[in-house]
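In what follows, a single structure is set out as structure tokens and then discussed.
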Amino acid sequence: MPRRSLLFLFVVALVCLPIQSAHSANYPGYPVQFIISFPPGGPGDTTIRIIHPALQKNFGGAIQLVNKPGAGGAIAYTYVKKAKPDGYTILSTMSAPLTVGTALRTLPFGLDDYEYIGAYAFGATGIVSKPDMRWKNLDGLLAYIKKNPGKLNYGTSGAPTAPYLTMAAILAMQGLKATPVHYKGSGPARNAALGGHVDFSAGGFGAMQALIRAGKLVGLAITDNARDPKFPKIPTLKEKGLGRASIGLWAGLWAPKGTPKAVLDKLSAALQKTAGDPAVVKKLNKAGFRVEFVDGAGAKKLARQDHETSKEIMKAVGIKKK
Amino acid sequence: MRRFAPPAALLAVSILMGWFAHRLGLGSINRPEPGFFPFWICVGLAATSIFLMTRDLRQSPEDEATSQAVFTLAGYRRVLSVMAGTALFGLLLEVSGFLAATFIFMAFCWLVIDRQSLLRGLLISAVASAAAFVLFVKLLNVHFPRGLLGF
Amino acid sequence: MGDLFANLYFGFSVSLAPHNLLACFMGVFVGTAIGVLPGLGPVATMSLLLPITIKMEPTAAIIIMAGVFYGAMYGGSTTSILLNLPGEASSVVTTLDGYQMARQGRAGPALAICAWGSFIAGTLGVLGITLMAPALAEMAVKIGPPELVALLCLSFLLVVQFSGGSRPRAAASALLGFLLSTIGLDPVESTPRYDFGTFTLMDGVGFAPLVIGLFGISEVLINLEKSEKMEVFKGRIKGLWPTRQDWRDSAPAIGRGSVVGFFMGILPGMGTIVPPFLSYSLERRISRRPEKFGTGVIEGVAGPEAANNSATAGSMIPLLTLGIAPSAAVAVLTAAFLTHGVQPGPLLITEHPAIFWGVVTSMYTGNALLLLLNLPLVGMWARLLTVPYRYLWPMILLFCGIGAYSVSNNPVDVLLMAAFGLLGYMMRKLNYPGAPLVLAFVLGRLFEEKVRQSLVISRGSYETFIAHPLALLAWIASAILLLYPFFMRGRSAPHFPGEEEE
């Protein structure tokens, strides 16, 4: 046994011998990997896949999309945090695990563990119900809950998600009571409202748009800063004086702490150019996102703001950090 | 004895997991909490394993001979080394990259477990890992961690 | 009716255009290929293809992606039959009788009946989409948590009742599977359970590492341990094509499997994994030779294979008509629509008739292409078994490892796969069946989620579980199933070999 095993170990050592990796002077020397914290088809996956071809062109190098889903995004965030800051591993995902997730749970990463490259797609939380309910808008719904405290059920996209926090905050601000039923994602939450299993649902607005357009669901409110031009009749929470319940849901790019500034700038510039491409904008709008480029510093500010809002809501609603 | 051990192991698992579940909080039957389901599954598993144990105690020893389980020491060593090799492959994937990990794994299988001659073993390992690289990375475009060599 | 023919004519005029036909062929070709490779499932492959298809015209791109999806179901049975290694999650059941057939030198007929069964079921499924998609989708949405709980119970009882073998051991195996399914965030409050402080277990155990380990790896271990020579297949290959008798046995099974699969496929969460189990137990139940199941009967291969193919067609319905993804693979298909700026949903059929009817009709063509593609391969696959096992097994392990890794690009999944390989090895040595574990694992998650959602909605009242007619029906059926053995006591109850007297 010994001789053969020693030979084998020698082979192992030979193959593992360290070899210098590419220099940053001619970045990108080989394909850059974008780590996505969602499974294929998830919300943060669709956005990056839509901009991928244009981004690749504007960036001037190959970009590989790699899904590392799991633990509500924590696996991908941790992976990128630990990755070499050479610009070849970039985190491409939605802000929620970083902003909302770190507020709800003790996680091995935080807001300051990354370089912010920029944000490009903004989603909203949508509150929907079936058209044949007793209310026709948000005010009607809230009044109905007031008359029937604790009677209604609402579907959410999950306990640790922004739509749940938003809905719980609205109810808490008005001193109302309704029971949350947590589903696994916005799609199932929306289906629960559609099938009449819950009275209304809060989830990602993007997932709801097709059914709202078809008249099978009614949009009661969205969380964004301004009304969606495709759905001018759906009011924002801000208009209703409930703006403090809004938590941003946006897609962006992050890099491991210590990534060279030149790399960040190159990616940021490519992202900005891509976000200005009308074809990209049109597709992202169709998928339910508003397109706006926010640079690294701005994105960091947004993240901090969302994080603080989440913490405030948790305090007001009485959710403890786990 | 041989038939007695597996239910005993299952019983141990169910007690351990059931205790963990209990700590998570059971809630009530009208409002189950996170620990509720795992706890009652563990109770069921414990009951089943106790049933299996007592049944085997009642059974005559001839039945034991008909039981298929014949563990041999040589067999065990092979099984465990295969498992170790597979685990090594998993651990190496993100350290040395796909191609190197595959080559090492294949060489391990053919040289250490199957005891092929050195040259032959290395040769088929090289061919197999090259083929896998072409199939998965080049043709199917699967993204693997890049090794130190850039692939 | 006239409308339907006009629509179909329009659809075929789109899908038979040369570039779309080529796209369809590419899709089903890649689908079959990845179906054969264990672990590398349609989800991973479709997401890898997305960047390539984005440059194409939307109809062609979606035809390709759909082709990969249903094409994978054809290839999935190949390694199940040849190596006892399920190529896709949905082919677990195929290993039970398919692998036994291969060991008797009947790999050819088993593979051929899979291709035919898949073709017939796939085509029937598409016919189902064409005729009744919108109505069915509306119905599927109406099925809420309490009804699903009842249906899950019924499915589970059906499978356990007729799975044969030692009941207590099957129960222990199922309970273990159920327990494994509770690892990870709990489905309602998202409290981590049994994660032992690691993130990898926070989402629970992956399905691919579990199945690949339990079936594929354990098979390699059993063979390796047996002897130095490792002759796995002693028998000669007896004929490549199904005999007249094989056809007589399989045809009704294919028909029943298609129906079961199609309707189960529409339900959320059932996906393509549960229908084959149901089909298998159904076939066993109504068979005149239930004692032969598990020893290589052809209807035990034909039924489940048909079921998983019609289930893929069924699961397309919620997507095409409501924009709802009932499974992970369909979620990628949704992404494919969105990357092309097309929103799947109720308006798809009016806003993009070319895409809707083009994709639906391409599935008829695709199924025919798959049959033409797979039948000639039967001989080649059957010959694979003549390769000496000592050259084969390291490659099998490698493919398993790659498959487990590529599902979520997580190396820990490879370690988990190895651990489940060891568990599967032990279980097989000790005569504990693996299939109940897998089924309980799949159903367990959904069951807990739906029970708890039901109770939250009903404020803890159990009446909710019988308040819905469909749920009540399922419960009555379950009760009959439970009491069935008592009714049959006096008569000649079916007696399964291997079932110990208790």
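Just so you know, all these numbers are worked out from the coordinates, no wet-lab data involved. Quantities reported herein were computed from a predicted structural model and do not represent experimental measurements. When we count neighbours, we look across all protein chains shown, and the Cβ atoms used for this are built from the backbone with ideal geometry, even at glycine.
Using only atoms on other chains, find how many Cβ atoms lie within 10 Å of each Cβ of peptide A:194-204 and report the average. Working shown, then result.
Values: counts 5, 10, 3, 10, 5, 1, 0, 0, 0, 0, 0.
Rounded to a whole number, the mean comes out at 3.
Which shape class, rounded, prolate or oblate, goes with the protein assembly as shown when its Cα gyration tensor gives a ≥ b ≥ c as root eigenvalues, a/c under 1.5 marks rounded, and past that a/b bigger than b/c marks prolate?
Note, shape of the protein assembly as shown comes out rounded.
Which order do the peptides C:91-103, A:180-192, A:287-299 come out in when sorted by mean C-beta neighbours inside 10 angstrom, highest first?
Working: C:91-103: 26.4, A:180-192: 24.5, A:287-299: 19.6.
Output ranking for C:91-103, A:180-192, A:287-299: C:91-103, A:180-192, A:287-299.
Below 8 Å between Cα atoms, with a sequence gap of 6+, how large is the relative contact order for chain C in percent?
Answer for chain C is 29 percent.
Which chymotrypsin sites (Phe, Trp or Tyr not before Pro) from the stretch B:12-49 combine a DSSP loop assignment with at most 10 other Cβ atoms within 10 Å?
Passing both the DSSP loop test and the Cβ count: no residue.
Please compute the contact order of the stretch A:125-246 in relative form: average sequence separation of alpha-carbon pairs under 8 Å and at least six residues apart, divided by the residue count, as a percent.
Computed over the stretch A:125-246, the figure is 34 percent.
What are the ³J(HN,Hα) values, in whole Hz, obtained from phi via the Karplus relation 6.51 cos²θ - 1.76 cosθ + 1.60 with θ = phi - 60°, for each residue of the stretch C:47-55 in sequence order, with x given for Gly and Pro?
6, 6, 7, 3, x, 6, 6, 5, 7
Would you mind checking which residues have amide H under 5 Å from A:T125's amide H? H placed 1.01 Å from N; only 5 or more apart, or other chain.
Residues meeting the criterion, in which the H sits 1.01 Å from N, are A:F205, A:T223, A:D224.
What length, rounded to one decimal in nm, is gained on full extension from C:L4 through to C:R285, with 0.36 nm per residue of separation minus their alpha-carbon distance?
97.4 nm
What list of ³J(HN,Hα) couplings, whole Hz, do you get for the stretch A:293-304 from phi and the Karplus terms 6.51, -1.76, 1.60, once you set θ to phi - 60° and write x for glycine and proline?
8, 10, 6, x, 4, x, 5, 5, 5, 4, 4, 4
Output ³J(HN,Hα) for the stretch A:239-246: one whole-Hz value per residue in order, computed from phi by the Karplus curve 6.51 cos²θ - 1.76 cosθ + 1.60 with θ = phi - 60°, and x for Gly and Pro.
Values, residue by residue: 4, 8, x, 10, x, 5, 7, 7 Hz.
How many angstrom lie between the Cα centre of the stretch B:74-135 and the Cα centre of the stretch A:263-283?
44
Taking each residue of B:31-43 in turn, how many C-beta atoms of other protein chains fall within 10 Å of its C-beta, and what is the average? Walk me through the numbers on the way to the answer.
Numbers: counts 5, 8, 5, 12, 4, 5, 14, 9, 1, 1, 12, 4, 1.
Across B:31-43, the average partner-chain Cβ count within 10 Å equals 6.
Mind checking the stretch A:209-238 for trypsin sites (Lys or Arg not before Pro) that DSSP puts in a loop (not H, G, I, E or B) and that have at most 16 other Cβ atoms within 10 Å? Kindly include the intermediate steps, with their values, before the conclusion.
On the way: sites: A:R213, A:K216, A:R227, A:K230, A:K233, A:K238; in loops: A:K216, A:R227, A:K230, A:K233, A:K238.
Within the stretch A:209-238, the qualifying trypsin sites (Lys or Arg not before Pro) (loop, at most 16 other Cβ atoms within 10 Å) are A:R227, A:K230, A:K233.
Inside 10 Å of the C-beta atoms of A:212-219, what's the mean count of C-beta atoms belonging to other chains?
Rounded to a whole number, the mean comes out at 3.
Students often get this wrong, so check it: of A:K216/C:K142; A:K81/A:K261; A:K257/A:K311; A:K82/A:K184, which have C-alpha atoms separated by over 21 Å?
A:K257/A:K311; A:K82/A:K184
Compare the peptides C:125-136, A:199-210 by average per-residue count of other Cβ atoms within 10 angstrom and give them in order, highest first.
Those peptides, ordered most packed to least, come out A:199-210, C:125-136.
Report the relative contact order of chain A, percent, no decimals, based on alpha-carbon pairs under 8 angstrom and at least 6 residues apart.
Over chain A, the number comes to 25 percent.
Which FRET efficiency value, to the nearest 0.05, do you get for C:L375 and A:D112 by plugging their Cβ-Cβ distance into 1/(1 + (r/R0)^6) with R0 = 45 Å? Let's see the in-between values first.
Numbers: r = 60 Å, r/R0 = 1.34.
Working from the Cβ atoms, E equals 0.15.
So which lysines can C:K292 reach, going by Cα to Cα under 26 Å and dropping same-chain residues fewer than 8 places off?
C:K226, C:K234, C:K238, C:K429
Grab the eigenvalues of the alpha-carbon gyration tensor for chain A, scale each by 5, take roots, and send me the semi-axes largest first in whole angstrom.
For chain A, the semi-axes come out at 41, 22, 18 Å.
Rank by packing, highest mean first: peptides A:308-315, C:146-153, B:128-135, C:27-34, with packing defined as the count of other Cβ atoms within 10 Å averaged across residues.
C:27-34, C:146-153, A:308-315, B:128-135
Quick one: which residues, 5 or more positions from B:G27 or on another chain, have an amide H under 5 Å from its amide H? H modelled 1.01 Å from N in the peptide plane, none for Pro or chain starts.
B:E33
May I ask you to list the trypsin sites (Lys or Arg not before Pro) in the stretch B:1-55 that are in a DSSP loop and have at most 14 other Cβ atoms within 10 Å of their Cβ?
B:R2
Can you list the residues, at least 5 places off or on another chain, whose amide H is less than 5 Å from the amide H of A:Q64, using H built in the peptide plane?
Correct list: A:V32, A:Q33, A:F34.
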